[in-house]
Each structure stands twice: as structure tokens, then as C-alpha cells.
Amino acid sequence: MPRALVVDDQADVRTMISMVLRINHFEVVEAHSAASGLKASENSGFDVAIVDIFLQGANGSELIGTLRSRNPPLPVVAISGITALDFLSGTPELAEVVCLQKPFRPADLMRAIEAARHPAWRLEGASAVAL
């Protein structure tokens, strides 16, 4: 069973994402902050991370960078409800991050996860892909 790390400071968003993932046969670890996400990643390997870019009191892109420094091939889906995530494509340490704008439907989330886990599904040459 694939394992997913879900980092979002909004409990309702974490719950919705976790429900969708569990229905799709993922084991889920939820984190409410960048610090708790980093702590969870110290002791466990993950097959994908879903990270809110604008976490309260933290920068989600920095969290992604740290997660990737620990596990460079980690598939990541960056989510945000505040702004478009186009700025991620210009950040080398965030290469191949799939971006998903909130609100999103469960099918959109699963497509984003599959795109992150299977880079060949993405547009060739793109460093960050918005879905």
C-alpha cells in the first residue's frame, strides 16, 4: 500500500485529502504544520507528499525543499488556495512538483498524484506542472 504525507494547516482540507487517499488505498500520515511534516518524514518513507504552499507560520516551498533533500525522488503535489503556483517552476529545488489549485475535486487530486508519481505522464520539459 503506498504511503502519503499530507501537510496542510486546515483540518478540513487534510481530512478531505486523507479520505480520498484512503478510498484509493493509500496509507496516510497527516501533519498540521511544516514542523510536524518534517518530524513524520524523519521516521518514515513516503511514496508521495501533498503539501500546502502557504502553511501558517511556514513556507511550504521550503518544506518541499527539505523533504526533497532527504528523499530527492519524492513525488510532490503542491496545493494552494491563495494564488496560482506558477512561481514554483522557477525554483530548481522544486523541479517536477505538480501544482494543484484549491478548491479541487477528488479526481483532480488523484490525477495530480499520478502525475507526480509517474513523471512520464507530465508535459515533457516542464519543471513544475499545474493541473
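None of the figures in this text is laboratory data; all of them are computed from the coordinates on show. Remember, it's a predicted structure, so these values are computed and weren't measured experimentally. Note that we place each Cβ from the backbone using ideal geometry, even for glycine, and neighbour counts take in every protein chain shown.
For each of Ser61, Ser44, count neighbouring Cβ atoms within 10 Å of the residue's Cβ, then give the residues from fewest to most. Ascending number of Cβ neighbours within 10 Å: Ser44, Ser61.
Could you order the peptides 25-33, 4-12 from most to least packed, using the average number of other C-beta atoms within 10 Å per residue?
Ranking the peptides 25-33, 4-12 by packing returns 4-12, 25-33.
Taking each residue as 0.36 nm, the span from Glu27 to Asn43 lengthens on full extension beyond its C-alpha to C-alpha distance by 4.3 nm.
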